Amino acid sequence: MYDNLEDHVSHSHQEPHFDSPDTSSFEKQVEGLKQTLLSKGLITQVELEEMIAELDQRTPFDGAQIIARAWTERDFRNRLIANGTKAVSELGYHPPDDFQSLVVLANTEFLHHLIVCTLCSCYPRWLLGRPPDWYKSIAYRSRAVSDPRGILNEFGVTLDPNISIRVVDSTAEVRYMVLPLRPSGTDNLNMKELVGLITRDSLIGVGLPHSPSVG
Amino acid sequence: MPKPHDLGGKPHFDPIVLKTTLPVDWELTIDGISSLLRKKGFYLTDELRRYIEKIDPEQYLNMTYYGRWCTAITNILIEKQLIAEDDIQKQLDLL
């Protein structure tokens with residue numbers, strides 16, 4: 001089933017670095033592609049600059065706002081779990097096209113979620129911004145499904161063995177975000193303080209929110 | 001043909017590199033081009049991935065992430081006859 005790929009992957013330690021090869025030729029290629037698209041009128045410089053700026057603006061802070069609200073409003077939490085796409089639209093967050101939907105996975109005392117895209121890099125960019133490098137790396141994509149506890153250890157997280165880990169594989173159409181457990185001792189915190197506890201990694205499932213003393 | 005993109009569960013024991021670098025200019029450009037072309041309806045996310053998966057396996061493993069995107073997007077546009085194969089070189093010659 002895993003046929004010839006093992007030829008590439010199992011020898012990886014003998015090769016330079018899969019995830020960091022030479023890039024100089026692509027710098028030129030992208031410039032040529034951009035100039036071609038501009039000269040044919042398929043895109044304009046202004047449109048491109050606006051799009052890059054729009055993509056730059058999205059950060060995990062957006063996802064954290066959503067989670068903090070779910071921690072403090074039970075009805076919103078229920079709507080978020082029932083239909084993530086619809087619930088976040090209440091807050092002004094919309095997927096880039098009609099084909100994409102959001103599924104929010106609630107962690108419990110007994111169940112932890114970990115998100116991966118084994119095939120490429122699908123990620124809820126419209127809530128978290130561009131994915132971090134490791135999310136796109138061959139190491140993460142291959143091992144997240146076979147050794148999630150090992151992956152978590154590498155991120156400095158050790159879960160109680162009684163907590164099950166459910167790994168979900170993203171697709172072009174379905175993007176996932178984790179709803180982490182609200183840390184204890186946070187009853188008196190306001191929204192802004194709660195948002196400050198929520199890390200990007202906790203929304204992907206490779207981390208946990210800060211506890212109030214740390215945050 | 002081996003499918004290098006289908007990585008789930010494959011043996012790969014290199015540690016996760018936690019350090020993330022910010023995209024450099026050309027990466028931001030191709031990232032923006034990709035979102036813009038999709039927004040304008042030139043292709044769908046699924047099509048981009050299909051063309052990424054069509055990249056030659058050896059090349060795939062030796063390309064950076066955004067290098068794959070550049071290759072896939074170029075091939076989509078050529079196949080849809082929105083650009084011609086030699087257009088990019090012609091533009092580069094003008095620079």
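The values are calculated or read from the model by the stated rules, or taken from the named source; none is laboratory data. For clarity, every value in this text was computed on a predicted model and none was experimentally measured. Note that each Cβ is placed from the backbone with ideal geometry, even for glycine, and that neighbours are counted across all protein chains shown. Only protein heavy atoms, including side chains, enter the accessible area calculation; ligands, DNA and RNA are left aside. Shrake-Rupley method; radii C 1.70, N 1.55, O 1.52, S 1.80 Å.
Some values worked out for this structure:
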| read-out | value |
| --- | --- |
| Listed peptides A:48-59, A:128-139 by packing density, highest first (mean Cβ within 10 Å) | A:128-139, A:48-59 |
| Isolated Cys residues of the protein assembly as shown, judged by Cβ distance under 4.7 Å to other cysteines | A:Cys120, B:Cys70 |
| Cα centre as origin, Lys/Arg/Asp/Glu Cβ charges: chain B dipole, Debye | 380 |
| ³J(HN,Hα), Karplus 6.51/-1.76/1.60, whole Hz, each residue of the stretch B:71-81, x for Gly, Pro | 5, 5, 5, 4, 5, 4, 5, 5, 5, 7, 6 |
| Length-normalised contact order for chain A - Cα pairs under 8 Å, 6+ apart - percent | 23 |
| The protein assembly as shown, dipole about Cα centre (Lys/Arg Cβ +1, Asp/Glu Cβ -1), debye to the nearest 20 | 920 |
| Per residue, in Å², the accessible surface of the stretch B:25-94 once ligands and nucleic acids are set aside, probe 1.4 Å | 44 |
| Exposure of A:His94 as accessible area (Å², to 10), given a probe of 1.4 Å and all protein chains | 110 |
| Positive-end residue of A:Leu181, A:Ile204, A:Ala64, charge dipole of the protein assembly as shown with Cβ unit charges | A:Leu181 |
| Solvent exposure, largest accessible area first (probe 1.4 Å, DNA, RNA and ligands not counted), of B:Leu77, B:Leu92, A:Leu111 | A:Leu111, B:Leu92, B:Leu77 |
| Accessible surface of chain B [probe 1.4 Å, protein heavy atoms]: carbon and sulfur percent | 54 |
| Average projection area in nm² (convex hull over Cα atoms of chain B, one quarter of hull surface) | 8.1 |
| Surface per residue (accessible, 1.4 Å probe) for chain A, Å² | 48 |
| Charge dipole of the stretch B:25-94 about the Cα centre (unit charges at C-beta), most positive-ward option of B:Gln59, B:Leu92, B:Asn75 | B:Asn75 |
| Rel. contact order, % - alpha carbon contacts under 8 angstrom, at least six apart, chain B | 30 |
| Using θ = phi - 60° and Karplus 6.51 cos²θ - 1.76 cosθ + 1.60, couplings along the stretch A:69-84 (whole Hz; Gly, Pro as x) | 5, 5, 5, 9, 10, 4, 5, 5, 4, 5, 5, 5, 6, 6, 7, x |
| The stretch A:190-199 - phi-based ³J(HN,Hα) in whole Hz, Karplus 6.51/-1.76/1.60, Gly and Pro as x | 8, 4, 4, 5, 5, 4, x, 8, 8, 9 |
| Carbon and sulfur %, accessible surface of the stretch A:70-215 computed with the full protein complex present, 1.4 Å | 50 |
| The protein assembly as shown shape via C-alpha gyration tensor axes, a/c threshold 1.5 | oblate |
| Those trypsin sites (Lys or Arg not before Pro) in the stretch B:1-83 that DSSP places in a loop and that have at most 12 other beta carbons within 10 Å | B:Lys19, B:Lys40, B:Lys80 |
| Tensor-based shape of the stretch B:1-41 (alpha-carbon gyration tensor, a/c under 1.5 rounded, otherwise prolate or oblate) | oblate |
| Accessible area in the full protein assembly, largest first, 1.4 Å probe, for B:Ile78, B:Ile88 | B:Ile78, B:Ile88 |
| Shielding by partners, peptide B:56-67 (average Cβ within 10 angstrom, other chains) | 5 |
| Accessible area of A:His210 in the full protein assembly, 1.4 Å probe (Å², nearest 10) | 70 |
| Shielding by partners - mean other protein chain Cβ count within 10 Å, residues of B:29-42 | 6 |
| Spatially close lysines, pair count over the protein assembly as shown: Cα under 18 Å, gap of eight or more or interchain | 17 |
| A versus B: buried accessible surface, summed, Å² (probe 1.4 Å, to nearest 100) | 6000 |
| Residue-level accessible surface for B:Tyr51, protein heavy atoms, 1.4 Å, Å² | 10 |
| Where A:Val174, B:Val17, A:Val30 fall by accessible area, highest first, once all protein chains stay in place (1.4 Å) | B:Val17, A:Val174, A:Val30 |
